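The next block holds one structure in the form of structure tokens; read it before the comments.
The values are calculated or read from the model by the stated rules, or taken from the named source; none is laboratory data. Given the structure is predicted, the values throughout are model-derived calculations rather than measurements. Every residue, glycine among them, receives a Cβ derived from its backbone with ideal geometry; neighbour counts consider all protein chains shown.
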Amino acid sequence: MRMKNRAIVFLLSLLLIILSGCVPSGKINRQNIAHLYQTSKFPWLQTKVYKESPESIRVYLKPIAPNGSPFPLEAKYISFDLLDSYESKFVVDSALFSLLPEHFITEDSSILRFRFQPPDTGSYIMEVRLLDQLKRVKAQTFVQIDNASELGSQNYLLLDSAGQPVIDPYINPGKTLRIMFNQKISRDMFVYHYDRIFSLALPPFVTKKLKPFDYKPDSIFKHKIEVGLSTSFRLNKKGFYYFVQDTAKKEGFTTFVFYKGYPGIITADQMLSPLRYITVEEEFEKMKQMGQPKMAVDSFWLAITDNVGRASSAIRNYYRRVKLSNLYFSSYQEGWRTDRGMIFMIFGPPRTVNRGNIYEIWVYGEENSPAALEFEFVKIRNPFTENDYRLLRSSRYREKWYFMVNNWRR
């Protein structure tokens, strides 16, 4: 009798799952997603979500190779799973479909898009995969879907001078832009410009209370949206720009302006600044005071390697990590200046990455091994970006940090 009751309970539970449209799946936060930060395996997928209406959402994907160029994909299919959160085990929607010419919106096939209908007006995590002819995963990413807010960032789409969507969260200064809004109405957009110098990430064992952000903008201007589309404009000054309709709410979208050629490293000045992580303060200040950044950078690498060939190799490896940090971790400041960027640059790509709703955990070495090194980053609520994570610092990192810094200096 007891076995019969258990069977009835099981069948009823299964029936409820089927009727609700939810399929059990592994929780995303239990997956090792370290390959997202290992471009030798997968290209990076830059994403943008545009909510055409509560019933129709477009997802844009821009594959990027390690050198920053568009990635020649072998993808033939797109698949996705839609979950309530990183920590949910139920898939509320899923799809698999062939990539067709209509999915590519640029002649060089560097940007693709697809449309889906969300189950309701909630918030979700979408796991997106690009598959080859044999259904092998060629690229993967996780996209936050916000179908609840009417004025949040996904209600807007930034367009370039050719009318193509801007997928990157950052742009070159002086680029011609337009704003598309999903409601065919006329509104004023208030644009807050912030030109701030933020502190460089401190070593992982140094704790310091950060000052609260001053939300008062450095300047404000207005831009008109007419029937869902703005006139052309340019953002010429460095910093970040926050576009809102309702100044009483922290809902809108942000675009970041660093320098022409970002996320790459273009000038000697841009090469000098990241050396702060592997220099002492006095040494770094002397290099800055030389007034010749290229000479300072060259002299530094030659001095610590004592060999032109080794210096060239160290320079390639170090600045490749700077560029990748900018690609992965850009937020309100350059990616290499953030906590995750700092750890990525000094320690390299982690072996294991677990991501939850409000955290990322990086593991170097064998997971669960006493010798493994673990870093935990906590997601910060930030109206300007979803890519702001703060490292939980500890004195136990001191010895390992100096060991890795010394490795760079050998």
Could you tell me which of the residues PHE190, PHE205 is modelled with pLDDT of 95 or more, in contact with a helix residue (DSSP H, G or I) (Cβ under 7 Å, 6 or more places away or on another chain) and not assigned by TED's automatic domain parsing to the domain that holds PHE403?
-> PHE205
With a cut-off of at least 3 residues that are of a type outside the set (S, T, N, Q) and modelled with pLDDT under 95, name the strands (runs of 3 or more DSSP E) lying wholly within region 29-86.
-> 56-64
Going through region 284-310 one residue at a time, which ones are exposed (fewer than 14 other Cβ atoms within 10 Å of the Cβ), part of a helix (DSSP H, G or I) and either of a type in the set (Asp, Glu) or touching a residue at least 24 places away in the same chain (Cβ under 8 Å) (or both)?
-> GLU285, LYS294
Residues THR255, THR279: which one is of a type in the set (S, T, N, Q) and in contact with a helix residue (DSSP H, G or I) (Cβ under 8 Å, 6 or more places away or on another chain)?
-> THR279
Residue check: is ARG337 charged (D, E, K, R), closer than 23 Å to THR207 by Cα, surrounded by 21 or more Cβ atoms within 10 Å (Cβ to Cβ) and out of contact with any Pro (no Cβ under 8 Å at 6 or more places or on another chain)?
-> yes
In region 212-231, how many are more than 27 Å from the chain's Cα centre (by Cα) and outside any strand (DSSP E or B)?
-> 3
Are any residues in region 151-182 assigned to a loop (DSSP other than H, G, I, E, B) and either among the basic types (Lys, Arg) or touching a Pro at 6+ places or on another chain (Cβ under 9 Å) (or both), and if so, which ones?
-> ASP168, LYS175
Among (1) closer than 30 Å to GLN245 by Cβ; (2) modelled with pLDDT under 95 - the single one GLY365 does not satisfy | (1)
Regarding ASN354, is this residue touching a residue at least 60 places away in the same chain (Cβ under 8 Å), part of a strand (DSSP E or B) and either surrounded by 15 or more Cβ atoms within 10 Å (Cβ to Cβ) or more than 17 Å from the chain's Cα centre (by Cα) (or both)?
-> yes
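Can you tell me which of ASN155, ASN182 is surrounded by fewer than 19 Cβ atoms within 10 Å (Cβ to Cβ) and more than 18 Å from ASP388 (Cα to Cα)?
Checking each option against the conditions leaves just ASN182.
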Among residues of region 200-255, those that are hydrophobic (A, V, I, L, M, F, W, C) and touching a Gly at 6+ places or on another chain (Cβ under 8 Å), counted | 5
What about ILE185, is it over 25 Å from GLY261 (Cα atoms), part of a strand (DSSP E or B) and hydrophobic (A, V, I, L, M, F, W, C)?
-> no
Considering only region 100-115, state which residues are over 22 Å from the mean Cα position of the chain (by Cα) and farther than 17 Å from ALA162 by Cβ.
-> LEU100, PRO101, GLU102, HIS103
